[in-house]
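Here's the structure we're looking at; comments come further down.
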Amino acid sequence: MKAKAVVQMMTPKREEGTIASHMESVLRKLGEDTDREGLLRTPERSEKALKFLTSGYDVNLQDIVNGALFQVKHDEMVIVKDIEFYSLCEHHMLPFFGKVHVAYLPNEKVIGLSKIPRIVDAFARRLQVQERLTQDVAQAIGEITKPRGVGVIIEARHFCMMMRGVEKQESSTVTSAMLGAFRSQRATREEFLSLVRHNSLSR
Ligand SMILES: [Zn+2]
């Protein structure tokens, strides 16, 4: 007969120095009783969540692209709008989230469209500031496709603004990065802006 697993409500043994063991200390410092039922596995869940939310550091861009670069003759603007993202602000380790709009002017090469959201995730799943995330995505698209220009706009809301201190729940922050033709040619920039303009988090 197989032994039945006994479910016991007790604090799991934690290896010292793990994120989970530190999270247990944090909870105690916050005045919590880490032996109460709801918190028993919280340090482990928290560790797992934090590792996932920072898993972008381990991502290799070439692995994402994985050969999905295609020769093209056209040179019309490629635009992927409304890419959802979730990141953690590096100042408070609280979420910020919103939408990314990516556009580029191909120079003989285009990247598979599904790869662009994955590139966004790779940089969003780190401790970030919105401005750097915007630049990181633009630089990556630039390095991979060697286009004539790249434009990236991010509209985001920050929990550190919404939940604490100033409590500006309705405010959103918009950042942009314009490289190559998107920087030097007003018409290109405006084409991109007009294509994303009607998008808004407050919609
Ligand atoms: Zn913050």
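List of remarks:
So that you can scan it fast, the table gives a plain yes or no per residue for (1) at pLDDT 95 or above; (2) out of contact with any helix residue (DSSP H, G or I) (no Cβ under 7 Å at 6 or more places or on another chain); (3) away from the ligand (no atom under 16 Å from the Cβ):
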position: ASP63; (1), (2), (3): no, yes, yes
position: ASN66; (1), (2), (3): no, yes, yes
position: LYS73; (1), (2), (3): no, yes, yes
position: TYR86; (1), (2), (3): yes, no, no
position: PRO95; (1), (2), (3): yes, no, no
position: LYS99; (1), (2), (3): yes, yes, yes
position: LEU105; (1), (2), (3): yes, no, yes
position: LYS115; (1), (2), (3): yes, no, yes
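- The sole residue among GLY56, GLY67 that is out of contact with any Gly (no Cβ under 6 Å at 6 or more places or on another chain) and on the phi > 0 side of the Ramachandran plot is GLY67.
- With a requirement of 1 or more residues that are of a type in the set (A, V, I, L, M, F, W, C), touching a helix residue (DSSP H, G or I) at 6+ places or on another chain (Cβ under 9 Å) and touching a residue at least 40 places away in the same chain (Cβ under 8 Å), the helices (runs of 4 or more DSSP H) lying completely within the stretch 129-192 that satisfy it span 130-145, 181-184.
- The residues of the stretch 25-43 that are within 24 Å of LEU88 (Cα to Cα) and either aliphatic (A, V, I, L, M) or in contact with a Lys or Arg (Cβ under 8 Å, 6 or more places away or on another chain) (or both), listed by number, are VAL26, LEU27, LEU30, LEU39, PRO43.
- ARG164 vs. criteria of a type in the set (Lys, Arg) and buried (at least 17 other Cβ atoms within 10 Å of the Cβ): no
- Any hit, the stretch 139-150, residues being hydroxyl-bearing (Ser, Thr, Tyr) and within 16 Å of the ligand (Cβ to nearest atom): no
- For beta carbons closer than 8 Å, sequence separation of 6+ or different chains, a first residue in the stretch 65-92 that is of a type in the set (S, T, N, Q) and a second that is within 16 Å of the ligand (Cβ to nearest atom) and in a loop (DSSP other than H, G, I, E, B), the qualifying pairs are SER87/ARG126.
- Odd one out for SER171 among (1) at pLDDT below 95; (2) crowded, with 16+ Cβ neighbours inside 10 Å: (2)
The values are calculated or read from the model by the stated rules, or taken from the named source; none is laboratory data. Note that the coordinates shown come from a computational prediction; the quantities given were computed from them, not determined experimentally. All Cβ positions, glycine included, derive from the backbone under ideal geometry; neighbour counts span all protein chains shown.
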